[in-house]
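S.K.: I am attaching a structure below and will ask some questions about it afterwards.
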Amino acid sequence: MKFNFKEVLVLFQKNQLNEAKKLCIGALKEQPDNFDFLHLFGVIAFRERNYKKAEEIISKAIKLKPKHIEIYNFYAFILLNLRKFDLAIKSWDEAIKLKPDYAEAYNNRGNILFELGKIEDSLESYEKAIKIKPDYADAYNNMGNPLRKLKKINAALANCEKAIELNPNHIEALNNQANILFTLGKFEDSLKSYNASIKLNPNNPQAYNNLGLLHKKLGKKNSALENYEKA
């Protein structure tokens with residue numbers, strides 16, 4: 001049987017994962033070293049949250065094309081879900097080695113370094129991402145997190161504001177901006193940011209919870225309870 005990768009990819013794009021997976025398995029029985037089918041099979045396993053299988057498949061794909069930049073970024077996310085944090089960082093480092101101007105890899109690397117408590121290292125990673133890509137809204141928003149940990153609140157707020165300037169519909173930046181404004185006691189401004197965030201995503205429980213905390217602080221107990229219930 002002849003397997004057409006483009007046809008299988010269309011099935012995947014239509015979210016017909018089971019059919020696409022069956023065809024990938026069939027193709028790989030005949031062509032075990034077919035990079036495209038391996039890559040797609042790994043993506044399907046990831047989508048199905050079978051991270052162990054995804055790791056096994058993508059590690060084979062990397063051996064076939066060790067200089068394929070994007071696959072290291074994807075592999076890092078698999079490792080992240082398996083809680084193999086050091087290996088995830090190494091995978092992003094490999095991607096950066098192959099593509100020194102890979103802003104997304106620096107940003108992703110910054111996120112995991114922050115989660116591991118490596119605050120200064122995460123900050124450096126975000127700064128590199130922004131230097132490469134000055135209009136990178138996500139990196140500006142993410143950089144606010146280590147800055148807050150370092151008690152550089154105004155700098156954190158400035159980064160959130162820059163993210164929103166670059167992307168007015170950046171929900172996370174609006175929520176982070178609101179949190180910082182709340183910390184600074186700028187309650188009315190904080191309220192505006194929470195409401196803007198909720199308007200963009202009415203199904204964000206964290207935003208409703210934060211809004212409830214703000215209403216509680218303002219002495220609006222009924223509004224606070226209503227927002228907690230929504231959360």
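The values are calculated or read from the model by the stated rules, or taken from the named source; none is laboratory data. Quick caveat, the model's predicted, so the values are computed rather than measured. Note that each Cβ is placed from the backbone with ideal geometry, even for glycine, and that neighbours are counted across all protein chains shown. Each accessible area value is taken on the protein alone, full model and side chains, heavy atoms only, with ligands, DNA and RNA left out. Shrake-Rupley method; radii C 1.70, N 1.55, O 1.52, S 1.80 Å.
S.K.: Please identify the pairs in which a residue from the stretch 116-136 that is closer than 19 Å to Lys90 by Cβ has its Cβ atom under 8 Å from the Cβ atom of a residue that is surrounded by fewer than 22 Cβ atoms within 10 Å (Cβ to Cβ) and among the acidic types (Asp, Glu), counting only partners at least 6 apart or on another chain.
M.R.: Cβ pairs passing all conditions: Ala129/Glu104.
S.K.: Name the residue that is farthest from Asp138 (Cα to Cα), counting only residues in the stretch 73-105 that are open to solvent by less than 30 Å² (accessible area, probe 1.4 Å), part of a helix (DSSP H, G or I) and not aliphatic (A, V, I, L, M).
M.R.: Here is the first cut: in the stretch 73-105, the ones open to solvent by less than 30 Å² (accessible area, probe 1.4 Å) are 73, 76, 78-79, 88-89, 91-92, 95-96, 102-103, 105.
In the following step, the residues that additionally are part of a helix (DSSP H, G or I) were identified as 73, 76, 78-79, 88-89, 91-92, 95-96, 103, 105.
Now drop any that are not not aliphatic (A, V, I, L, M), which leaves 73, 91-92.
Numbers: Asn73: 16, Ser91: 20, Trp92: 17 Å.
Among residues in the stretch 73-105 that are open to solvent by less than 30 Å² (accessible area, probe 1.4 Å), part of a helix (DSSP H, G or I) and not aliphatic (A, V, I, L, M), the one farthest from Asp138 (Cα to Cα) is Ser91.
S.K.: Condition test on Glu55, is it more than 15 Å from the chain's Cα centre (by Cα), surrounded by 15 or more Cβ atoms within 10 Å (Cβ to Cβ), modelled with pLDDT of 95 or more and within 23 Å of Asn167 (Cα to Cα)? Spell out the reasoning first.
M.R.: Values: more than 15 Å from the chain's Cα centre (by Cα): yes; surrounded by 15 or more Cβ atoms within 10 Å (Cβ to Cβ): yes; modelled with pLDDT of 95 or more: yes; within 23 Å of Asn167 (Cα to Cα): no.
Spelling it out, it is not the case that Glu55 is more than 15 Å from the chain's Cα centre (by Cα), surrounded by 15 or more Cβ atoms within 10 Å (Cβ to Cβ), modelled with pLDDT of 95 or more and within 23 Å of Asn167 (Cα to Cα).
S.K.: What's the number of the condition Leu181 fails, among (1) open to solvent by less than 20 Å² (accessible area, probe 1.4 Å); (2) touching a Pro at 6+ places or on another chain (Cβ under 8 Å); (3) not polar (S, T, N, Q)?
M.R.: (2)
S.K.: Also: Residues Asn175, Asn201, Asn167: which one is open to solvent by 30 Å² or more (accessible area, probe 1.4 Å), modelled with pLDDT under 95 and of a type in the set (S, T, N, Q)?
M.R.: Values: Asn175 fails: open to solvent by 30 Å² or more (accessible area, probe 1.4 Å); Asn167 fails: modelled with pLDDT under 95.
After applying the criteria, what remains is Asn201.
S.K.: Look through the stretch 1-42, keep the residues that are open to solvent by less than 70 Å² (accessible area, probe 1.4 Å), part of a helix (DSSP H, G or I) and not hydrophobic (A, V, I, L, M, F, W, C), and return whichever of them is farthest from Ser59 (Cα to Cα).
M.R.: Within the stretch 1-42, the match that is farthest from Ser59 (Cα to Cα) is Gly26.
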